[in-house]
1. Could you look through region 1-32, keep only residues that are of a type in the set (Asp, Glu) and over 12 Å from the mean Cα position of the chain (by Cα), and pick out the one that is least open to solvent (accessible area, probe 1.4 Å)?
2. Step by step: first the residues of region 38-68, then only those that are among the charged types (D, E, K, R) and over 10 Å from the mean Cα position of the chain (by Cα), then the one that is most open to solvent (accessible area, probe 1.4 Å). Which residue is that?
3. Against the definition (farther than 29 Å from residue 104 by Cβ, touching a strand residue (DSSP E or B) at 6+ places or on another chain (Cβ under 8 Å) and at pLDDT 95 or above), how does residue 24 come out, yes or no?
4. Out of the residues in region 1-21 that are among the aromatic types (Phe, Trp, Tyr) and touching a strand residue (DSSP E or B) at 6+ places or on another chain (Cβ under 6 Å), state the one that is farthest from residue 108 (Cα to Cα).
5. Working only within region 69-108, note down all residues that are among the aliphatic types (A, V, I, L, M), in contact (Cβ under 8 Å) with a residue 40 or more places away in the chain, surrounded by 20 or more Cβ atoms within 10 Å (Cβ to Cβ) and over 14 Å from residue 59 (Cα atoms).
6. In this structure, is residue 35 open to solvent by 50 Å² or more (accessible area, probe 1.4 Å) and either over 21 Å from residue 111 (Cβ atoms) or in a loop (DSSP other than H, G, I, E, B) (or both)?
Amino acid sequence: PVMNITHWTGYIDGPEETPFVGGRFYLNIDFPAAFPFKPSHIRFIRPIYHPNISTKCEIYLDILYSQWSPVLSIRALLISLCSLLIDPNVEYGLNRNALKLYQVDKQKYEEIARE
(Lines give C-alpha, C1' and ligand atoms only; values in the text may rest on other atoms or scores of the structure.)
Protein backbone atom coordinates (compact mmCIF):
# COMPACT_ATOMS: atom_id res chain seq x y z
CA PRO A 1 0.00 0.00 0.00
CA VAL A 2 1.01 3.57 -0.68
CA MET A 3 1.76 5.64 2.42
CA ASN A 4 0.22 9.09 2.65
CA ILE A 5 2.19 11.19 5.12
CA THR A 6 -0.39 13.99 5.00
CA HIS A 7 -3.16 11.82 6.48
CA TRP A 8 -2.82 10.41 9.99
CA THR A 9 -5.13 8.55 12.31
CA GLY A 10 -4.61 9.33 15.97
CA TYR A 11 -6.47 9.05 19.21
CA ILE A 12 -6.93 10.57 22.61
CA ASP A 13 -8.08 8.81 25.75
CA GLY A 14 -11.01 10.27 27.63
CA PRO A 15 -9.70 12.51 30.41
CA GLU A 16 -10.19 11.59 34.07
CA GLU A 17 -13.15 13.15 35.87
CA THR A 18 -15.12 13.66 32.64
CA PRO A 19 -17.96 11.63 31.16
CA PHE A 20 -15.42 10.48 28.54
CA VAL A 21 -13.10 8.65 30.96
CA GLY A 22 -12.35 5.11 29.85
CA GLY A 23 -13.04 5.91 26.20
CA ARG A 24 -10.57 6.04 23.35
CA PHE A 25 -11.51 8.55 20.68
CA TYR A 26 -10.01 8.22 17.22
CA LEU A 27 -9.27 11.19 14.99
CA ASN A 28 -8.53 11.84 11.34
CA ILE A 29 -5.70 14.33 11.01
CA ASP A 30 -5.03 15.85 7.60
CA PHE A 31 -2.09 18.13 6.96
CA PRO A 32 -2.42 20.83 4.28
CA ALA A 33 0.44 21.47 1.88
CA ALA A 34 1.15 24.73 3.74
CA PHE A 35 1.56 23.02 7.15
CA PRO A 36 2.85 24.25 9.60
CA PHE A 37 1.81 27.68 8.36
CA LYS A 38 -1.78 26.49 8.06
CA PRO A 39 -3.37 24.29 10.73
CA SER A 40 -4.07 20.62 10.24
CA HIS A 41 -7.68 19.57 9.82
CA ILE A 42 -8.72 17.35 12.71
CA ARG A 43 -12.05 15.62 13.19
CA PHE A 44 -13.28 12.73 15.24
CA ILE A 45 -14.05 9.52 13.40
CA ARG A 46 -17.21 8.90 15.45
CA PRO A 47 -19.58 11.48 16.96
CA ILE A 48 -19.06 12.62 20.54
CA TYR A 49 -21.79 14.38 22.52
CA HIS A 50 -20.00 17.62 23.38
CA PRO A 51 -20.86 21.33 22.97
CA ASN A 52 -17.83 22.00 20.75
CA ILE A 53 -18.04 18.90 18.55
CA SER A 54 -20.65 18.77 15.80
CA THR A 55 -22.78 15.76 14.96
CA LYS A 56 -20.57 15.54 11.84
CA CYS A 57 -17.52 15.13 14.13
CA GLU A 58 -16.12 18.61 13.40
CA ILE A 59 -14.28 20.27 16.27
CA TYR A 60 -14.33 23.90 17.31
CA LEU A 61 -11.02 24.63 18.96
CA ASP A 62 -9.60 28.15 18.61
CA ILE A 63 -6.04 26.95 17.89
CA LEU A 64 -7.35 25.11 14.83
CA TYR A 65 -8.63 28.42 13.47
CA SER A 66 -8.04 31.96 14.73
CA GLN A 67 -5.32 31.15 17.28
CA TRP A 68 -3.21 28.86 15.08
CA SER A 69 0.56 29.24 15.31
CA PRO A 70 3.20 27.37 13.27
CA VAL A 71 5.05 26.54 16.51
CA LEU A 72 2.18 24.33 17.73
CA SER A 73 2.87 20.62 17.51
CA ILE A 74 0.41 17.79 17.00
CA ARG A 75 1.08 16.85 20.63
CA ALA A 76 -0.01 20.36 21.70
CA LEU A 77 -3.16 20.04 19.58
CA LEU A 78 -4.05 16.71 21.18
CA ILE A 79 -3.45 18.11 24.67
CA SER A 80 -5.68 21.09 23.81
CA LEU A 81 -8.34 18.72 22.55
CA CYS A 82 -8.22 16.82 25.87
CA SER A 83 -8.58 20.15 27.67
CA LEU A 84 -11.62 20.94 25.55
CA LEU A 85 -13.22 17.65 26.63
CA ILE A 86 -12.59 18.65 30.25
CA ASP A 87 -13.71 22.26 29.90
CA PRO A 88 -16.03 23.06 26.96
CA ASN A 89 -16.03 26.53 25.44
CA VAL A 90 -19.56 27.71 26.24
CA GLU A 91 -19.09 30.82 24.09
CA TYR A 92 -19.17 28.76 20.92
CA GLY A 93 -21.20 25.61 20.37
CA LEU A 94 -21.18 23.43 17.29
CA ASN A 95 -23.67 21.07 18.95
CA ARG A 96 -26.38 23.45 20.17
CA ASN A 97 -28.33 20.71 21.98
CA ALA A 98 -25.28 19.60 23.96
CA LEU A 99 -24.39 23.23 24.72
CA LYS A 100 -27.85 24.08 26.01
CA LEU A 101 -28.05 20.92 28.14
CA TYR A 102 -24.52 21.54 29.50
CA GLN A 103 -25.64 25.02 30.59
CA VAL A 104 -28.98 24.07 32.16
CA ASP A 105 -28.51 20.48 33.43
CA LYS A 106 -24.87 19.43 33.57
CA GLN A 107 -25.72 16.10 35.22
CA LYS A 108 -28.07 15.11 32.37
CA TYR A 109 -25.48 16.29 29.82
CA GLU A 110 -22.85 14.06 31.44
CA GLU A 111 -25.22 11.06 31.40
CA ILE A 112 -25.77 11.44 27.66
CA ALA A 113 -22.07 12.09 26.97
CA ARG A 114 -21.11 8.97 28.93
CA GLU A 115 -23.24 6.81 26.62
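1. Narrowing region 1-32 to residues of a type in the set (Asp, Glu): 13, 16-17, 30.
If we keep only those that are over 12 Å from the mean Cα position of the chain (by Cα) as well, we get 16-17, 30.
Working: 16: 140, 17: 182, 30: 56 Å².
Looking at residues that are of a type in the set (Asp, Glu) and over 12 Å from the mean Cα position of the chain (by Cα), I get 30.
2. As a first pass, look at region 38-68 and keep what is among the charged types (D, E, K, R): 38, 43, 46, 56, 58, 62.
Those left that are additionally over 10 Å from the mean Cα position of the chain (by Cα): 38, 46, 56, 62.
Details: 38: 117, 46: 180, 56: 142, 62: 65 Å².
Checked region 38-68; the qualifying residue most open to solvent (accessible area, probe 1.4 Å) is 46.
3. When the stated conditions are applied, residue 24 passes them.
4. Filtering region 1-21 for residues among the aromatic types (Phe, Trp, Tyr) gives 8, 11, 20.
Narrowing the set further to residues that are touching a strand residue (DSSP E or B) at 6+ places or on another chain (Cβ under 6 Å) leaves 8, 11.
Numbers: 8: 34, 11: 26 Å.
Of everything passing the filter in region 1-21, 8 is farthest from residue 108 (Cα to Cα).
5. The answer is none; no residue qualifies.
6. Working: open to solvent by 50 Å² or more (accessible area, probe 1.4 Å): yes; either over 21 Å from residue 111 (Cβ atoms) or in a loop (DSSP other than H, G, I, E, B) (or both): yes.
Against the criterion (open to solvent by 50 Å² or more (accessible area, probe 1.4 Å) and either over 21 Å from residue 111 (Cβ atoms) or in a loop (DSSP other than H, G, I, E, B) (or both)), residue 35 qualifies.
The values are calculated or read from the model by the stated rules, or taken from the named source; none is laboratory data. No experiment lies behind these values; they were computed from the predicted model shown. No Cβ is skipped: glycine too gets one built from the backbone with ideal geometry, and neighbour counts run over all protein chains shown. Heads up: the accessible areas ignore ligands, DNA and RNA and are worked out on the full protein's heavy atoms, side chains in. Shrake-Rupley method; radii C 1.70, N 1.55, O 1.52, S 1.80 Å.
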